[in-house]
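The values are calculated or read from the model by the stated rules, or taken from the named source; none is laboratory data. A quick note: this is a predicted structure, and the numbers were derived from the prediction, not measured. Quick reminder, even Gly has a Cβ in these numbers, built from the backbone with ideal geometry, and neighbours come from all protein chains shown.
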Amino acid sequence: MKTSRLPPLGTLRAFDAVAGCLSFKRAAAELSVSATAVSHQIRLLESVLECRVFERSAQEVRLTEAGQLLYAATQNAFSSLGDAVKKIDRLTESPALTVTTTSNFLTNWLLPRLADFKAQYPQIDVHLHTSVETVDLKQRTVDVAIRYRESAEHGLHNTLLCEDRFIVVASPALNLRRPADLNKTTLLHVDNRHIPAESPDWQHWKQRYGPEGLNLSRGLHFSDETHALQAAVAGHGAVIASELLVGDLITRGMLVAPYAGSLPGANYYLLALEEVAYRAEIVALRDWLQHMVQ
């Protein structure tokens, strides 16, 4: 009985290339060698196997029955090897984390603190993404999302980060003390807020806290909360803003919150697919976020 042995790997690689395109010339170009070298590898392979794997003529190259059996095996083998190499590459790469969120959250809260995260986890490469459209995590173009929602999202791993409130803030230069002071202050409006459903606007502020004669038709209008905050810092008026997002500006003395009242907001959630929610880098980000929002 003949003892079988595996042909050299080089002969199998040459065979797989020829079988894939049925051309010695094209296979040689794919492997960056000469057609003569490919022919030599195929002759060696056939010598080891003691059978032909190709039928060759001036017009074409065809697989023999033995060649068809071998090609099915080399396809699986080289595909598995390629997958293994990719996994090894990922093991040796720095872990990467792509985060999508709103531009307001990124600008006013996350960016000022990102250096702290990088100091604690220097091995994690962070990629930041913002969009006015909600990114479908199932498309796997991003790893996690920080979203502003009134309730958790079904079908995803949800971590509640913060229950938000909205407060009135203004430059300390405006010297706001009593609700009546708003009558002589420019009102900064943020239009088209869709979350929460009951918009935290001047109409709702007036209903809860006054002053009764507050003229809601005057003031400056903005489509972006960050721009409205910049206007408030510059002393252009008072704005109703997310308590979380104005925290740094208040701490630095650039804005003050002159009134104790607040309006209900929504919630910040960290979202991920269930199957990736406990990846080491996602757990690190989750723990860090929960600590930083306290």
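Values as computed for the structure displayed
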read-out: Residue that is surrounded by the most Cβ atoms within 10 Å (Cβ to Cβ), among those in the range 38-56 that are free of Cβ contacts under 8 Å to residues at least 12 places away in the same chain and part of a helix (DSSP H, G or I); value: E46
read-out: Of residues in the range 276-294 being of a type in the set (D, E, K, R) and under 15 Å from the mean Cα position of the chain (by Cα), the one nearest to T159 (Cα to Cα); value: R286
read-out: Condition check for R252: closer than 30 Å to E281 by Cα and either within 27 Å of the chain's Cα centre (by Cα) or loosely packed, with under 14 Cβ neighbours inside 10 Å (or both); value: no
read-out: Residue that is surrounded by the fewest Cβ atoms within 10 Å (Cβ to Cβ) [pool: residues in the range 255-283 that are part of a strand (DSSP E or B) and of a type in the set (A, V, I, L, M, F, W, C)]; value: V256
read-out: Hits in the range 122-141 - residues which are assigned to a loop (DSSP other than H, G, I, E, B) and either within 20 Å of I195 (Cα to Cα) or at pLDDT 95 or above (or both); value: S131, V132, E133, T134, V135, D136
read-out: Selected residue (only one of L31, L44, L22, L6 is farther than 19 Å from F78 by Cα and either outside the structural domain of L70 (by TED's automatic domain parsing) or not small (G, A, S) (or both)); value: L44
read-out: Pairs, first within 17 Å of A173 (Cβ to Cβ) in the range 216-244, second among the acidic types (D, E) and at pLDDT below 95, C-beta under 6 Å, six or more apart; value: none
read-out: Criterion (more than 23 Å from R252 (Cα to Cα) and among the charged types (D, E, K, R)) met by exactly one of R165, R177, R218; value: R218
read-out: 1 or more residues surrounded by 18 or more Cβ atoms within 10 Å (Cβ to Cβ), in contact with a Pro (Cβ under 6 Å, 6 or more places away or on another chain) and not polar (S, T, N, Q): qualifying strands (runs of 3 or more DSSP E) within the range 152-229; value: 157-169
read-out: Criterion violated by G237 - all others in (1) surrounded by 14 or more Cβ atoms within 10 Å (Cβ to Cβ); (2) of a type in the set (G, A, S); (3) within 34 Å of the chain's Cα centre (by Cα) satisfied; value: (3)
read-out: Test for V99: is it assigned to a loop (DSSP other than H, G, I, E, B) and either surrounded by 14 or more Cβ atoms within 10 Å (Cβ to Cβ) or among the aromatic types (F, W, Y) (or both); value: no
read-out: Residue within the range 88-95 that is touching a Leu at 6+ places or on another chain (Cβ under 9 Å) and surrounded by 12 or more Cβ atoms within 10 Å (Cβ to Cβ) present; value: no
read-out: Among (1) in the same structural domain as I146 (by TED's automatic domain parsing); (2) in contact (Cβ under 8 Å) with a residue 12 or more places away in the chain; (3) in a helix (DSSP H, G or I), the one test that A119 misses; value: (2)
read-out: Matching residues in the range 251-286 - criterion: being of a type in the set (K, R) and at pLDDT 95 or above; value: R252, R286
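Per-residue answers, yes or no, for (1) of a type in the set (D, E, K, R); (2) more than 30 Å from T100 (Cβ to Cβ); (3) outside the structural domain of R286 (by TED's automatic domain parsing):
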residue	(1), (2), (3)
L137	no, no, no
E153	yes, no, no
L156	no, no, no
A173	no, yes, yes
D181	yes, yes, yes
P200	no, no, yes
H204	no, no, yes
R208	yes, yes, yes
N215	no, yes, yes
